[in-house]
Amino acid sequence: DEAGISEIYAFAIELARKAGRAIVDGSSRRFSSAAGFDHKKNTADLVTETDEAVEALVKREISTRFPDHAFIGEESWAAGEEHALGNQVTWIVDPIDGTTNFVHAFPYTCISIGVVIDSVPTIGVVFAPFMDTLYQGCLGKGSFMSSPHHPAPRRLPLVDPTPLDDLRQALVAFEWGSDRRVEVLERKLDCFRKITGDPDGGIAGGKMVQGVRSVGSAALNFCHVASANLDLYWEIGCWAWDVCAGIVIAQEAGAAIVGSKDHAAQATQGDEFNVVTPAVLTGRKYTVIRAIDTDKAKN
Ligand code: IPD
C-alpha cells in the first residue's frame, strides 16, 4: 500500500547514503593499502573488496528491516545466488556501479538501489558519493535530484527539454561494457559507427550525433537522461542491478525506454551478453531516450 511504499522509499534513500559513506571509506582504505581488486570474466570486469562489503551491508540492513523482502545483488549473483524475480517485493542492488571508475578514482561511481513491487520497478535511488549527488524516483511520484549546491530535492528534469527532431542535435551516452568478445564488440562498433558516422562523409546510415560520452556508470547515464543533460543512452549487456533504479528515475522524468526484438529474443534464451534480468523486469527494454522522437531514434 501507499504507506508501505513511502516507508520503503525513505529507507532506500537512507540506505543509499549510508552505503555511499562506506564506498568513500573503502576508497581511502584501498588507496592507502593498494589492496583489493580482482577480475571476474576478464580484465575489464572488476570487483573490489568494497563492492562485496557494501553489498553485504545493504543486504543485511534490508533483511533486518524487511525480513520478507527478496534481494538480488550483483555480487550475490556472482557468488551463485541467482534468484529469479518472484512475487515478493524485491530489492535489486548494484553496490558500486562504475567499479572500474572506483578503481581508478574517477568520480563517476554510485550505489544503485531499485525496488520491484508486483513485478514493476517502483522505486529507484542512485547515490554518487564522491559527487554527493542523490537521484531518487518513485512510480507516479516523479524523480528528483539533490546535490551540495541544492540540498533540497529538485524535480527532474530541471528544465523542460526542447524536443529534438534529429539525432544530429543529440548528446548521447554510449557504453562499451566489459564484454569484448568479438560478436559482442562487433555489435557495439556497428552501433557506434551508425550514431557517430557522418553520412555526408560516406558513412551509410550515419546519424552524426553531436557528441558521445562513456562515463562508465549505467545508473548515472539513466540519471543524466532524466536530468536532460543527455538526450539518449545506448548499451547492450546490462544486468538488472545496472538498470532497475535508473529506469524508474528516467521514466518518472519523462524518458522513454525502448528495446529491439533481436535482443529480446536473445534475452529469453538467456544469452549471457544480453539484457537477461532487466528483460524480465522491464519487458526487455534497454535504451533510454528523452526528448527525441523515439521512432526516429530507433532507426
Ligand atoms: C557497469 C557499468 C558500465 C556499463 C556496464 C556495467 P559495474 O557496471 O555500469 O558503465 O557499461 O554494462 O556492468 O560492473 O561497474 O557495476
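State yes or no: is A53 over 26 Å from A173 (Cβ atoms) and either assigned to a helix (DSSP H, G or I) or not aromatic (F, W, Y) (or both)? Against the criterion (over 26 Å from A173 (Cβ atoms) and either assigned to a helix (DSSP H, G or I) or not aromatic (F, W, Y) (or both)), A53 qualifies. Exactly one residue out of A79, A19 is within 16 Å of the ligand (Cβ to nearest atom) and either in contact with a His (Cβ under 8 Å, 6 or more places away or on another chain) or under 26 Å from P153 (Cα atoms) (or both): that is A19. Within segment 201-223, restricting attention to residues that are surrounded by 24 or more Cβ atoms within 10 Å (Cβ to Cβ) and either modelled with pLDDT under 90 or outside any loop (DSSP other than H, G, I, E, B) (or both), which residue is farthest from the ligand (Cβ to nearest atom)? Taking the candidates together, the pick is C223. Residues in segment 99-112 that are near the ligand (Cβ under 8 Å from one of its atoms) and within 14 Å of E49 (Cα to Cα) were compared, and the one that is surrounded by the fewest Cβ atoms within 10 Å (Cβ to Cβ) is T100. Across segment 143-191, the number of residues qualifying as surrounded by fewer than 17 Cβ atoms within 10 Å (Cβ to Cβ) and either β-branched (V, I, T) or within 16 Å of the ligand (Cβ to nearest atom) (or both) comes to 10. Entry remark, segment 39-75: residues being within 12 Å of the ligand (Cβ to nearest atom) and without any contact (Cβ under 8 Å) to a residue 12 or more places away in the chain number 1 in total.
Report yes if G254 is more than 10 Å from the ligand (Cβ to nearest atom) and at positive phi, otherwise no. Criteria met by G254.
Within segment 89-107, can one find any residue that is among the aromatic types (F, W, Y), over 20 Å from G177 (Cβ atoms) and assigned to a loop (DSSP other than H, G, I, E, B)? Steps first, please.
Applying the first criterion (among the aromatic types (F, W, Y)) to segment 89-107 yields 91, 102, 106.
Next, only the ones that are over 20 Å from G177 (Cβ atoms) stay: 91.
Remaining after also requiring assigned to a loop (DSSP other than H, G, I, E, B): none.
No: segment 89-107 contains no residue that is among the aromatic types (F, W, Y), over 20 Å from G177 (Cβ atoms) and assigned to a loop (DSSP other than H, G, I, E, B).
When you check L230 against the structure, is it more than 12 Å from the ligand (Cβ to nearest atom) and surrounded by 24 or more Cβ atoms within 10 Å (Cβ to Cβ), yes or no? When the stated conditions are applied, L230 passes them.
The values are calculated or read from the model by the stated rules, or taken from the named source; none is laboratory data. Every value quoted in this text rests on a predicted model; they were computed, and no experiment measured them. All Cβ positions, glycine included, derive from the backbone under ideal geometry; neighbour counts span all protein chains shown.
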